[in-house]
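Okay, structure first, notes after.
The values are calculated or read from the model by the stated rules, or taken from the named source; none is laboratory data. Here the structure is a predicted model, which is why all the values come from computation and not from measurement. With ideal geometry, Cβ positions are generated from the backbone for all residues, glycine too; neighbour counts draw on all protein chains shown. All accessible areas refer to the heavy atoms of the entire protein, side chains included, with ligands and DNA or RNA removed. Shrake-Rupley method; radii C 1.70, N 1.55, O 1.52, S 1.80 Å.
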Amino acid sequence: MGKYAMVAYSKALPGREAEFNQWYDTVHYPEICAIPGVISGRRFESTPVGMGPDFAPYLAVYEIEVENPSDILVEMGKRQAAGQMTMTDSIDHSVTSLRFYAQHEIAGA
């Protein structure tokens with residue numbers, strides 16, 4: 001079984017941050033964590049300290065254990081088609097990004 005991080009970058013539409021965060025925290029996050037293979041998750045909000053452009057103020061990192069990370073995307077699609085995942089119109093889709101990262105073992109650590 002492979003270990004991965006599923007990383008989601010997101011941004012609310014202007015003036016809709018409270019609505020977006022309410023949806024993410026109480027609807028979307030629990031729906032994602034209910035998918036088989038999703039072990040845990042955490043959300044973060046960007047601070048003004050950093051380097052480079054701050055294109056997405058919100059970050060979610062989910063710990064995944066599956067054979068193939070694309071299985072998570074397939075399951076998300078099935079659940080959305082079955083009405084088991086709820087989207088919001090408060091999200092800025094032009095900024096949203098979802099990536100999977102395989103766990104990298106550090107020699108000697």
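Using the Kirkwood radius built from alpha carbon pairs, what does the Stokes-Einstein equation give as D for the chain at 10 °C and 1.306 mPa s, in µm² per second?
For these conditions, the coefficient is 106 µm²/s.
Given the Cα-Cα distance of D25 and S40 and 0.36 nm per residue of separation, how much length would full extension add, in nm?
4.0 nm
If DNA, RNA and ligands are ignored and the probe is 1.4 Å, what is the ranking of H28, H104 by accessible area, most exposed first?
Correct descending sequence by accessible area is H104, H28.
Go through 68-80, 46-58 and give me the packing order, highest mean Cβ count within 10 Å leading.
68-80, 46-58
Could you give the accessible area per residue of the chain, probe 1.4 Å, as a whole number in Å²?
So the chain comes to 64 Å² accessible per residue, rounded to a whole number.
If I ignore ligands, DNA and RNA and count only protein heavy atoms, how much of R99 is accessible to a 1.4 Å probe, in Å² to the nearest 10?
For R99, solvent-accessible area is about 130 Å².
Determine the share of the chain's accessible area contributed by carbon and sulfur atoms, expressed in whole percent, with a 1.4 angstrom probe.
Roughly 56 percent of what the probe reaches on the chain is carbon or sulfur.
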